[in-house]
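Worksheet: the structure to be examined is printed underneath.
The values are calculated or read from the model by the stated rules, or taken from the named source; none is laboratory data. Values in this document were obtained by computation on a predicted structure and should not be read as measured data. Cβ atoms come from the backbone with ideal geometry, glycine included; neighbour counts cover every protein chain shown. SASA here: full protein model, heavy atoms, side chains in, ligands and nucleic acids out. Shrake-Rupley method; radii C 1.70, N 1.55, O 1.52, S 1.80 Å.
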Amino acid sequence: IGLGLNKRAPDVDISLTLTLLFPQTFDKKKMDVESIEKKVENFIRLGYKYSLEGDWTNAGEAFYKASELDPTNTKALNNMGSAYLEIGKYKEAKEVFERAVSLAPNDPDIHYNLGLAYLKLDDLLSAKHSWEKTLSLNPAHEGASRNLRILSIGGIGE
């Protein structure tokens, strides 16, 4: 006499079943993501603190650590690039801003900062293009307007 077991598995959402059977496993994954997000925000806050104190080297380190935890965090990347500009790491700043632009192509502030890095590297034409892009995204951006006026007085890009 058989037990009448259905050998075909029922149509059940396996993730729901696993969550019900092992909730701590799935909660841990959620906690890990939340924990990483909190760490990223804490490193960014620390970077801001160092920036306000004028400690650009430590600010850059804090933003770098945030970007290591979340390589797609454009706030961390943009601020890391700005810190690099302040300590004279112009090539590194340019590379960081280029990465940030690839992640957030419609962020005018990143384009503006990329222009500053180009300026520091004496690539005036690229700086001009970055600031023109900034203004196309935010026509009221004062820094980009000012810098383009200064470049036009010098005859750059004409």
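Below are the figures for this structure:
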| read-out | value |
| --- | --- |
| Gain upon complete extension [E98, R146; 0.36 nm per residue less C-alpha separation] | 15.1 nm |
| With all protein chains modelled, accessible area of E61 [1.4 Å, Å²] | 90 Å² |
| Projected label distance in nm at E53 and V33, using a 7 Å step from Cα toward the beta-carbon | 3.4 nm |
| Solvent exposure, largest accessible area first (probe 1.4 Å, DNA, RNA and ligands not counted), of Y90, Y84, Y64 | Y64, Y90, Y84 |
| In Å², nearest 10: area of H141 left accessible to a 1.4 Å probe | 20 Å² |
| The range 80-158: C-alpha gyration tensor shape, a/c 1.5 cut-off, then a/b vs b/c | oblate |
